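Below: the structure, in structure tokens.
Derivation of every value follows stated rules applied to the coordinates shown; laboratory data play no part. Since the structure is predicted, the reported quantities are computational estimates derived from the model, not experimental observations. Glycine gets a Cβ as well: all are built from the backbone with ideal geometry, and neighbour counts include every protein chain shown.
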Number of protein chains: 2
Amino acid sequence: MTRKQLIEQIKLKRSFLCVGLDTDIKKIPSCLLDLEDPIFEFNKRIIEATADLCVAYKPNIAFYESRGAQGWRSLQRTCEIIPKSCLNIADAKRGDIGNTADMYAKTFFSKEVSGLEFDAVTVAPYMGEDSISPFLEYPGKWSVVLALTSNKGSLDFQFLADLSGKRLFEHVIEKVNALGSSEQVMYVVGATRGEYFKDIRRIAPDHFLLVPGIGAQGGSLQEVCAFGMNKECGLLVNATRSIIYASKGSDFAERAREEAQKLQIEMEQELQKIGILI
Amino acid sequence: MTRKQLIEQIKLKRSFLCVGLDTDIKKIPSCLLDLEDPIFEFNKRIIEATADLCVAYKPNIAFYESRGAQGWRSLQRTCEIIPKSCLNIADAKRGDIGNTADMYAKTFFSKEVSGLEFDAVTVAPYMGEDSISPFLEYPGKWSVVLALTSNKGSLDFQFLADLSGKRLFEHVIEKVNALGSSEQVMYVVGATRGEYFKDIRRIAPDHFLLVPGIGAQGGSLQEVCAFGMNKECGLLVNATRSIIYASKGSDFAERAREEAQKLQIEMEQELQKIGILI
């Protein structure tokens with residue numbers, strides 16, 4: 001999905017919601033557990049209930065990988081049913097070099113190799129340029145690079161500043177800006193760091209930002225939009241637990257839809273403010 | 001495997017070699033390709049040919065994951081045949097937070113969950129404390145944290161220095177030192193950065209360092225030992241391509257053994273210098 005197509009979907013659905021699929025066998029409703037592939041069945045119902053309200057899905061790979069070959073199959077089947085109108089993001093946070101980075105890129109971007117084909121993958125920058133550039137060699141695919149994350153530990157290293165006051169997350173963004181355009185690179189910026197969106201927009205005015213931390217993690221959508229939105233929206237705001245685990249009962253899909261709809265309505269209001277809706 | 005047991009194996013085998021299992025279907029001898037699981041068969045023969053010469057194996061997870069469910073099975077089967085006398089390191093470079101980090105830890109440490117059980121896993125530190133501590137909650141398991149890597153891109157962020165001159169890789173080591181002991185934490189330090197081992201030993205005198213970059217990447221074993229060895233060895237030096245791809249023919253296992261033996265002999269000389277061999 002190109003940048004232009006993504007913006008079209010945002011206008012059409014009046015939403016910039018990304019639904020996280022961190023599907024944990026221990027948290028899904030017990031009514032699914034007797035089915036042959038409960039993880040896939042859960043995802044299928046969540047996707048059917050929310051696909052018109054969101055523009056992206058983001059399976060977190062850890063939840064599939066932890067179930068070995070069986071989990072990998074659930075992920076493949078999930079990938080296949082994510083509608084083409086939604087960006088399909090592998091939240092893998094991979095970071096390795098050279099031929100290994102290339103292997104990870106193949107894993108998530110080349111269906112003929114791994115059986116998976118995502119539109120985007122999250123990438124960790126610690127190892128530098130050669131851990132990021134192999135992902136940028138796939139035309140039409142997105143690399144979503146960790147910049148400023150939403151967790152407590154983000155304070156440990158991401159704010160480390162050099163003599164000029166430039167912080168690690170700013171170094172990361174400037175470096176990666178030089179490697180790929182805003183047609184292929186996004187940055188992860190946590191919603192719990194609202195005040196820093198201004199600093200980030202100074203160096204990445206056009207890029208889409210993937211924003212976790214809304215909902216269960218306590219970030220404010222209004223604050224994120226106030227500081228982080230650009231004239232084409234430029235945000236994908238993720239919610240996971242507040243949507244997919246809204247109910248533990250057999251009404252989980254309906255309740256997920258209700259929670260997604262609440263966010264979609266708030267997002268529509270934000271989109272109206274920047275005047276891109278017809 | 002405990003620290004004490006690892007040191008015992010180093011003395012017994014007169015080696016601190018780690019063999020990387022970056023097993024690429026495109027690089028293994030064609031004579032294996034008709035077998036049911038060529039990746040596993042290759043690993044099996046490499047392991048049989050080298051197990052008395054090394055103290056660790058390190059499958060790089062990208063090479064398995066890129067083959068989907070099939071690759072995951074090859075990895076499980078490989079895991080099962082790595083002898084108990086060798087540390088079994090998942091080179092996964094995972095870095096995520098909270099329940100996701102815990103899922104990754106379960107993936108690599110809990111056989112009943114994923115079908116895999118490694119002794120150690122490599123961890124990326126960008127997201128800080130809560131991306132590392134979940135791995136430290138497994139008694140008897142090792143977390144091998146990226147500090148200073150061997151690639152060109154390591155210059156991009158790892159040398160970023162604060163006002164006091166302390167660099168990112170030093171911040172990482174100091175932070176992680178406070179989270180776990182040298183009985184459960186190792187650091188990745190590239191062989192191509194020989195001169196920095198002195199700085200690292202100042203802040204991590206007792207820790208084992210996992211050292212990639214010998215062989216194909218051009219690092220010098222002598223230099224690494226001169227600056228990086230401590231009184232109990234404290235090094236696991238990895239070689240991958242120079243060993244496992246020493247030959248493309250049917251003699252690949254014998255040639256791998258020869259290359260491993262060359263390194264073992266050099267390592268024995270280094271161990272004699274510190275006087276821990278009988």
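Listed values, structure above:
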| quantity | calculated |
| --- | --- |
| The stretch A:3-273 - Rg and Dmax from Cα coordinates, angstrom | 17.8, 59 |
| Other protein chain Cβ atoms within 10 Å, averaged over every residue that makes up A:129-135 | 3 |
| Percentage of interatomic Cα-Cα distances in the stretch A:183-278 larger than 24 Å | 25 percent |
| Label spacing, shortest first and in nm, from B:Asp206 to its equivalents in the remaining copies (7 angstrom along Cα→Cβ) | 5.4 |
| Part-to-part distance (alpha-carbon centres) for the stretch A:80-108 and the stretch A:1-61, which is given in Å | 17 Å |
| Cross-link pairs beyond the 29 Å C-alpha cut-off, checked among A:Lys11/A:Lys58; A:Lys11/B:Lys106; A:Lys111/A:Lys262; A:Lys175/B:Lys231 | A:Lys11/B:Lys106; A:Lys111/A:Lys262; A:Lys175/B:Lys231 |
| Karplus-derived 3J(HN,Hα), 6.51/-1.76/1.60, for each residue of the stretch A:97-108, Hz, glycine and proline x | 10, x, 5, 6, 4, 5, 4, 5, 4, 4, 3, 9 |
| Relative contact order (%) - criterion: Cα under 8 Å, at least six apart; region: the stretch B:3-274 | 21 percent |
| Percent of beta bridges antiparallel (DSSP, chain A, rounded to nearest 5) | 5 percent |
| Label-to-label distance, nm, for residues given as B:Ser110 and A:Leu277 (7 Å Cα→Cβ offset) | 4.3 nm |
| Hz values of 3J(HN,Hα) by residue in the stretch B:123-137 - Karplus curve (6.51, -1.76, 1.60), Gly and Pro given as x | 10, 9, x, 3, 7, x, 3, 6, 8, 10, 4, x, 6, 7, 8 |
| Computed [θ] at 222 nm, deg cm²/dmol, chain B (DSSP H ≥ 4; -39,500 (n - 2.57); rounded to nearest 500) | -12000 deg cm²/dmol |
| GNM result for chain B, Cα springs below 10 Å: residue of B:Ala101, B:Ala246, B:Ala178 fluctuating most strongly | B:Ala178 |
| Low-density loop positions, trypsin sites (Lys or Arg not before Pro), the stretch B:199-268 - DSSP coil, at most 12 other Cβ in 10 Å | B:Lys231 |
| Cα centroid of the stretch B:176-204 to Cα centroid of the stretch B:140-175, whole Å | 9 Å |
| Where N is the number of residues in the protein assembly as shown, Cα Rg divided by 2.2 N^0.38 Å | 0.97 |
| Aspartates and glutamates with Cα under 12 Å of A:Lys13, excluding same-chain neighbours fewer than 8 positions away | A:Asp52, A:Glu268 |
| Low-density loop cleavage sites - trypsin sites (Lys or Arg not before Pro) in the stretch A:8-87, where at most 12 other Cβ are within 10 Å (DSSP) | A:Lys26, A:Lys84 |
